[in-house]
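Just below is one structure, and these are the notes that go with it.
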Amino acid sequence: MNNLVRIFLIIALLFALKWIFLDESVTIRAIDLPLDVRYLKGKAAVAGQPALVEFWATWCAPCLETIPHLNEIYAQYQPRGLQFVSITTEDEATVQRFLTKRSMEYPIALDAGGKLLRNLHVTSIPRAFLVDRTGKVTWQGHPMDLNATMLEAAVR
């Protein structure tokens with residue numbers, strides 16, 4: 001087999017592996033509740049409740065842009081029963097330093113080792129999941145795409 005064919009086969013294999021393991025179009029149907037995370041700030045009782053589960057990082061500029069939007073959602077819908085948890089794979093010290101400079105009103109949790117992140121096929125952040133009372137995912141996408149219709153349906 002000549003080198004050109006080998007290179008082509010390697011590239012095809014890499015694309016296939018990316019499609020299998022890193023495809024953004026993977027639709028998550030349900031999330032196991034309660035979440036296997038360690039809460040750093042606040043706590044969300046997501047089992048049996050509608051929930052917004054969001055993944056972020058302190059170094060992620062698009063994540064930082066979503067914080068005011070998520071603070072508003074939390075203020076409006078948490079009193080109506082929507083549980084909320086914002087999850088990062090970063091270390092506790094990094095997140096604590098960040099929280100001294102930036103106000104995140106909602107519960108923050110750590111996903112040590114990124115197990116939950118991988119199980120939910122999250123390959124880019126920010127990424128959010130709207131979950132009903134049974135753990136069924138009713139929506140997933142960029143947190144800025146959340147709208148009142150979706151949120152109202154979640155808390156009914």
**Request:** Taking only segment 109-156 into account, find how many residues are polar (S, T, N, Q) and part of a helix (DSSP H, G or I).
**Result:** 2
**Message:** For the condition assigned to a strand (DSSP E or B), over 13 Å from residue 31 (Cα atoms), touching a residue at least 12 places away in the same chain (Cβ under 8 Å) and aromatic (Phe, Trp, Tyr), what is the one hit in 98, 84?
**Reply:** 84
**Prompt:** What is the residue count in segment 130-143 for residues that are out of contact with any Phe, Trp or Tyr (no Cβ under 6 Å at 6 or more places or on another chain) and surrounded by fewer than 20 Cβ atoms within 10 Å (Cβ to Cβ)?
**Reply:** 9
**Asked** Of all residues in segment 125-141, which are touching a Pro at 6+ places or on another chain (Cβ under 9 Å) and in contact (Cβ under 8 Å) with a residue 60 or more places away in the chain?
**Response** 125, 126, 127, 128, 130, 131, 132, 133
**Message:** Can you find a residue that is within 20 Å of residue 33 (Cβ to Cβ) and not in a helix (DSSP H, G or I) anywhere in segment 68-81?
**Reply:** yes
**Message:** Restricting to segment 69-103, and then to whatever is crowded, with 16+ Cβ neighbours inside 10 Å and among the hydrophobic types (A, V, I, L, M, F, W, C), can you tell me which residue is farthest from residue 137 (Cα to Cα)?
**Reply:** 98
**Asked** Going by the conditions given, is residue 106 hydroxyl-bearing (Ser, Thr, Tyr), buried (at least 17 other Cβ atoms within 10 Å of the Cβ) and over 15 Å from the mean Cα position of the chain (by Cα)?
**Response** no
**Prompt:** Among the residues of segment 25-58 satisfying the criterion of being in a loop (DSSP other than H, G, I, E, B) and basic (Lys, Arg), which is farthest from residue 83 (Cα to Cα)?
**Reply:** 29
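Throughout, read-outs are computed from the coordinates displayed, never taken from laboratory work. Since the model is a prediction, treat every value here as computed from it, not as a measurement. Backbone-built Cβ (ideal geometry, glycine too); neighbour counts: all protein chains shown.
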